[in-house]
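Okay, so here's the structure we're looking at.
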């Protein structure tokens, strides 16, 4: 199993203007900063759905998200990151 022995968090969110995904990534980073024992043991799988409303405003990916994702993948305690 790919994630055997790890805590897997699964997030399923609609793409929206409220930055929920960005806040979730920041929360995971904070957990790892405050609980270093979870580094290498905590996995977040994020699924993002398109907006449900046909009248929804076009949404672009915040340029900060890829940078935040890279920051979460930084080598913190294990070489396999």
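Observations on the structure shown:
- Exposure proxy order (Cβ contacts within 10 Å, fewest to most) of 30, 39: 30, 39
- Cα gyration tensor shape of segment 1-53, rounded if a/c is under 1.5, else prolate or oblate by comparing a/b with b/c: oblate
FYI, it's all coordinate maths here, none of it is from the lab. The model shown is predicted, which means the values in this text are computed figures rather than measured ones. So basically every Cβ, Gly included, is an ideal-geometry build from the backbone, and we count neighbours across all protein chains shown.
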